[in-house]
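Take a look at the structure set out below.
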Amino acid sequence: MMILNSIISSLKFIYGFSYLAIVSLLIAINPKWELKLRKKASEVLINLIAKEIIIEGSIDPTANIIMGNHTHTLDTPLIETVYKNEKIIWVAKDEVAKMPIFKYLVTKTGMILANRNDKRAIIKILKEVKKNVENGYKVAIFPEGTRNKKDYTKLLPFKNGPKGIVEKLNLKVQPFVIINLPKAFKSNPFRIEKQQIKVVFLESFYPYEGWYEKMRENMQKILDKEYKNEI
């Protein structure tokens, strides 16, 4: 039975990323379709792994920037699904644009790409974030910069860049915490087991003394509470 599940899961995985590749090409053909296609692709991918999506807390429509834990490649489509019709501008490492499947999803959707090897990149990101916020878009970023592949119940240290962006532009921040998404993927053999996925939204705020450290502490407390039986 486990082998059969592995075969079915592999086929689902191939279907999901094939769908994503087609959507990426369609966006390249007509960027005007990007929001509708992006949301549809996100829905298709998340339906492969989620039995149910539970939202805890309230989404603040006035928050300029959202920050959350990075648990998996599908974190982005999950948040896209949660925000339904709202266009989210993601800050991501520029390596993503070099991946064939994601190329046009990244370059044609307004995503802000960061070159981590360029010390001047932060200036470009600041300008891009400011422009998008002024245009009424919500910016999203993972302050860890990458995901903790060893232990999704623990946050990695936060990068300094997101803190500087928020403080320089005085943005209203809303943190979120993703729960259970990585558990959908099993190994030995590979298989997908649908999960009840939760997104916890914390209260939004403007930056204050020590906010970045406090935000990380509060996010980790939620992870500890949600995964208390696994720690």
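The values are calculated or read from the model by the stated rules, or taken from the named source; none is laboratory data. Quick caveat, the model's predicted, so the values are computed rather than measured. So basically every Cβ, Gly included, is an ideal-geometry build from the backbone, and we count neighbours across all protein chains shown.
So here's what we get for this one:
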quantity: Filter result (within 22 Å of Ile79 (Cβ to Cβ) and crowded, with 17+ Cβ neighbours inside 10 Å) within the stretch 186-210; calculated: Ile192, Gln195, Ile197, Lys198, Val199, Val200, Phe201, Leu202, Ser204, Pro207
quantity: Looking only at the stretch 130-152, and only at residues there that are surrounded by fewer than 18 Cβ atoms within 10 Å (Cβ to Cβ) and β-branched (Val, Ile, Thr), the one that is modelled with the highest pLDDT; calculated: Val133
quantity: Residue that is nearest to Asn160 (Cα to Cα) [pool: residues in the stretch 194-220 that are touching a residue at least 40 places away in the same chain (Cβ under 8 Å) and among the charged types (D, E, K, R)]; calculated: Arg216
quantity: One residue from Arg216, Arg191 being more than 16 Å from the chain's Cα centre (by Cα), of a type outside the set (Ser, Thr, Tyr) and closer than 30 Å to Leu48 by Cβ; calculated: Arg191
quantity: Failed item in (1) within 17 Å of the chain's Cα centre (by Cα); (2) modelled with pLDDT under 90; (3) in a loop (DSSP other than H, G, I, E, B), with Pro100 passing the rest; calculated: (1)
quantity: Filter result for the condition that a residue is farther than 24 Å from Ile222 by Cα and touching a strand residue (DSSP E or B) at 6+ places or on another chain (Cβ under 9 Å), over Lys108, Lys87, Lys32, Lys103; calculated: Lys87
quantity: Residue list for the stretch 61-96, restricted to those being free of Cβ contacts under 8 Å to residues at least 12 places away in the same chain and either part of a helix (DSSP H, G or I) or crowded, with 22+ Cβ neighbours inside 10 Å (or both); calculated: Glu95
quantity: Flag if Tyr208 is part of a helix (DSSP H, G or I), farther than 18 Å from Ile89 by Cα, modelled with pLDDT of 95 or more and of a type in the set (Ser, Thr, Tyr); calculated: no
quantity: Some residue of the stretch 140-161 being closer than 16 Å to Tyr212 by Cβ, of a type in the set (A, V, I, L, M) and touching a strand residue (DSSP E or B) at 6+ places or on another chain (Cβ under 8 Å); calculated: yes
quantity: Which listed residue is within 20 Å of the chain's Cα centre (by Cα), touching a residue at least 12 places away in the same chain (Cβ under 8 Å), surrounded by 15 or more Cβ atoms within 10 Å (Cβ to Cβ) and part of a loop (DSSP other than H, G, I, E, B), from Leu223, Leu171; calculated: Leu171
quantity: Residues that are closer than 23 Å to Ile89 by Cβ, modelled with pLDDT under 90 and of a type in the set (Lys, Arg), drawn from the stretch 1-37; calculated: Lys32
quantity: Residues located in the stretch 1-60, provided they are in a loop (DSSP other than H, G, I, E, B) and under 27 Å from Lys108 (Cα atoms); calculated: Asn30, Leu48, Ile49, Ile59, Asp60
quantity: Flag for Ile29 being in contact with a helix residue (DSSP H, G or I) (Cβ under 8 Å, 6 or more places away or on another chain) and surrounded by fewer than 20 Cβ atoms within 10 Å (Cβ to Cβ); calculated: no
quantity: Where Thr109 falls short, out of the listed (1) among the hydroxyl-bearing types (Ser, Thr, Tyr); (2) farther than 20 Å from Phe201 by Cα; (3) outside any loop (DSSP other than H, G, I, E, B); calculated: (3)
